[in-house]
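Some notes on the structure that comes next.
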Amino acid sequence: MTLSTTEENYLKCIYKLSQSIDDEINTNAIAAELSTSPASVTDMLKRLSEKKLISYIKYKGVRLTSSGEKYANGLIRKHRLWEVFLVDKLNFTWDEVHDIAEQLEHVQSEELTERMDDFLGYPKFDPHGDAIPDKHGKYTPRKQTLLSELEKGKRGVILGVNEHSTVFLQYLDTQKLGIGVQVEVVDLIPYDNSLTIKVGKDRSMTVSHQVARNLFVSIN
């Protein structure tokens, strides 16, 4: 089945929202995520429902069907593989690749996707630490938590980010807080929930609660 770029973006959006919402996704949430009108969302949902990619009940909400979830996972797989390729093979930085991958994920060739996966050595995670589904839609699980949830005296290794904005990723670069860096919570500041952390072996710094709740770290 071949879909338009807009239809594919809707499926990805619904999938993304479904990861944090257990119930049906309402049209207002989709409209806000895609910066469009609820009326436009309703029209698109009718089209996707006719193609049996979603289950849509008017005034209640929407869920992806098994076919819709499979299609959305395929888009996510392509997007994240392209990000790996752009960073590892073309020397883009992790704050530069999202918009480019947004364009490349709509290339329809499954053969290209499989050859790229093989060429890259079947990566399990993208440059931002997000899991890459395999061709069967399976994700590699791992134990992780947000830095903001790590207790005082506990250590972890930065595994990924919960925010992908350019300014946030550039900030992490300036602070040398990248994937694979070990951190230890030295102190919690109750006033604003900021953290004093030890980075690596000998560097200490304070990070805001906003930063801490957007960094995933390993659980030891």
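The values are calculated or read from the model by the stated rules, or taken from the named source; none is laboratory data. Bear in mind that the values here come from a model prediction, so they are computed numbers and not experimental data. These accessible areas exclude ligands, DNA and RNA; they are computed on the full protein's heavy atoms, side chains included. Shrake-Rupley method; radii C 1.70, N 1.55, O 1.52, S 1.80 Å.
Using a 1.4 Å probe, how large is the accessible area of MET205, given in Å² and rounded to the nearest 10?
Counting only protein heavy atoms, MET205 exposes about 20 Å² to solvent.
For segment 94-142, give the percent of accessible area contributed by carbon and sulfur heavy atoms, probe 1.4 Å, rounded to a whole number.
On segment 94-142, the fraction of accessible area on carbon and sulfur atoms equals 53 percent.
For a distance above 22 Å, tell me the whole-number percent of Cα pairs in the chain that qualify.
57
Quick one: angle between helix 110-119 and the longest Cα principal axis of the chain, in degrees between 0 and 90, rounded to 10, please.
Approximately 20 degrees, to the nearest 10.
When the Cα atoms of segment 25-65 are enclosed in a convex hull and the volume is divided per residue, what value in Å³ results?
With only Cα atoms used, segment 25-65 gives 57 Å³ per residue.
Cα-based count: Lys pairs in segment 105-220 below 17 Å, eight or more positions apart or different chains?
Lysine pairs meeting both conditions in segment 105-220 amount to 10.
Normalise the Debye intensity by I(0) for segment 17-99, one equal point scatterer per Cα, no solvent, then take log10 at q = 0.19, 0.22 Å⁻¹ and round to two decimals.
Ignoring solvent entirely, the Cα scatterers give -0.88, -1.02.
Quick check: Cα centre of segment 18-72 to Cα centre of segment 150-185, how many Å?
33
Reachable lysines from LYS58, Cα under 26 Å, same-chain residues fewer than 8 places away excluded?
LYS12, LYS16, LYS46, LYS70
Compute the relative contact order of segment 80-217 as a whole-number percentage, counting only Cα pairs closer than 8 Å that sit 6 or more residues apart in sequence.
Contact order relative to length: 23 percent.
Mind checking the per residue accessible area of segment 77-220 for me, 1.4 Å probe, whole number of Å²?
Per residue, segment 77-220 has an accessible area of 57 Å².
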